[in-house]
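One structure is given here, and the rest of the page talks about it.
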Amino acid sequence: MAEITQEIIDRYKKVTVATVYGGVRKLGYDPSFMREVKAFTPGKTIAGRARTLRFIPPRPDIMAEVHQGADSPEYVAMGSCEPGDILVCDGMGKKYAAIGGDVKLLQLKMRGAAGMVTDAAIRDLDIVAKDYGIAIFAGDRTPMGGAGEIDPFEANCTIQCGGVAVRPGDLIVGDDDGVVVVPAVAAKEIIDWVEEHEAVEEYVKGLIQSENVAPGKYYPITEATVEQYHRSLGG
């Protein structure tokens, strides 16, 4: 599996999630935008490698076979996080059931994780956001735990979250617009496109203002406009 370097991650930290989404679509990796997953820590952005956790509906015989306590899949997943990583949880879209609160998610703070993403819910949000400094993206916030609704089943496997496939090691980017998954195998190709596209957009905005014309003259951006941009650089 392709490994995303820190240099690539740092480049993603400088661009918008909206443009990243455009790049992922352009290269044929849609769906990539997590539906029904919202930013609950306004102003906080994330760009980091995914660690994953899968929840399933409760069933006594299955859960009897799953490790409990400190070896539970949820703590294995959180414990695998390196500084800057993002924990992504498949909570089956149960927006009323929390995947964790201030006690469980303390491990993310201790590991130096940058954020947590789930299509289920988060509880104790005020404590987690304020005291732990973790960016939170979730389906909703709730006072109830997940017991009786969702149980942690498997760590660091391929999951879905918000209708998007996520593999451990994929790049997760998020801002107030939402969360997008960048497949590790295409991360460099996508950021190359994104950086060029954002530069071309700035060029186009300059043309629109200097010529005092409607945006439709230059937008949506065409290959001809991209070539014009490169000529303006002397390329």
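Nothing in this text is a laboratory measurement; each read-out follows from the coordinates by a stated rule. Just so it is clear, the model here is predicted, and its values are computed rather than measured. For neighbour counting, all protein chains shown are included, and Cβ atoms are generated from backbone atoms with ideal geometry for every residue, glycine included.
Some observations on this one:
- Size descriptors for the chain: radius of gyration and Dmax over Cα atoms are 19.8, 70 Å.
- Other residues with beta-carbon under 11 Å from the beta-carbon of Phe153 carry, at +1 per Lys or Arg and -1 per Asp or Glu, a net charge of -3.
- Net dipole in debye of the chain [+1 Lys, Arg Cβ; -1 Asp, Glu Cβ; about Cα centre; nearest 20]: 260
- In order along region 76-84, the Karplus-derived 3J(HN,Hα) couplings, from 6.51 cos²θ - 1.76 cosθ + 1.60 at θ = phi - 60°, round to 5, 5, 5, x, 7, 5, 9, x, x Hz, and Gly and Pro are given as x.
- Length-normalised contact order for region 101-198 - Cα pairs under 8 Å, 6+ apart - percent: 19
- Whole-Hz ³J(HN,Hα) from phi, Karplus 6.51 cos²θ - 1.76 cosθ + 1.60, for region 91-108, glycine and proline x: x, 6, x, 7, 6, 9, 10, 7, 7, x, x, 5, 6, 4, 6, 4, 4, 5
- Helical mean residue ellipticity (222 nm; -39500 (n - 2.57) per DSSP H run of 4+; nearest 500) of the chain: -9500 deg cm²/dmol
- Whole-Hz couplings from phi, Karplus 6.51/-1.76/1.60, listed for region 139-145; x for Gly and Pro: x, 5, 10, 8, x, 9, x
- Of the cross-linked pairs Lys38/Lys94; Lys13/Lys44; Lys26/Lys95; Lys26/Lys94; Lys44/Lys109; Lys44/Lys205, those separated by over 23 Å at the C-alpha level are Lys26/Lys95; Lys26/Lys94; Lys44/Lys205.
- Whole-number D in µm²/s for region 190-232 (Stokes-Einstein; Kirkwood sum over Cα pairs; 25 °C, 0.890 mPa s): 232
- Fewest neighbouring Cβ atoms within 10 Å first, the residues Lys188, Lys130, Lys95 line up as Lys130, Lys188, Lys95.
- Amide H to amide H distances under 5 Å link Gly115 with Leu87, Ala135, where only residues 5 or more positions off or on other chains count and H is placed in the peptide plane.
- In this structure, Ala70 and Thr158 have a Cβ-Cβ separation that, at R0 = 35 Å, corresponds to a calculated FRET efficiency of about 0.90.
- Candidates Ile221, Ile191, Ile134, ranked by Gaussian network fluctuation over the chain, Cα under 10 Å, top entry: Ile221
- Exposure proxy ranking, count of Cβ atoms within 10 Å, fewest first, for Leu53, Leu125, Leu105: Leu125, Leu105, Leu53
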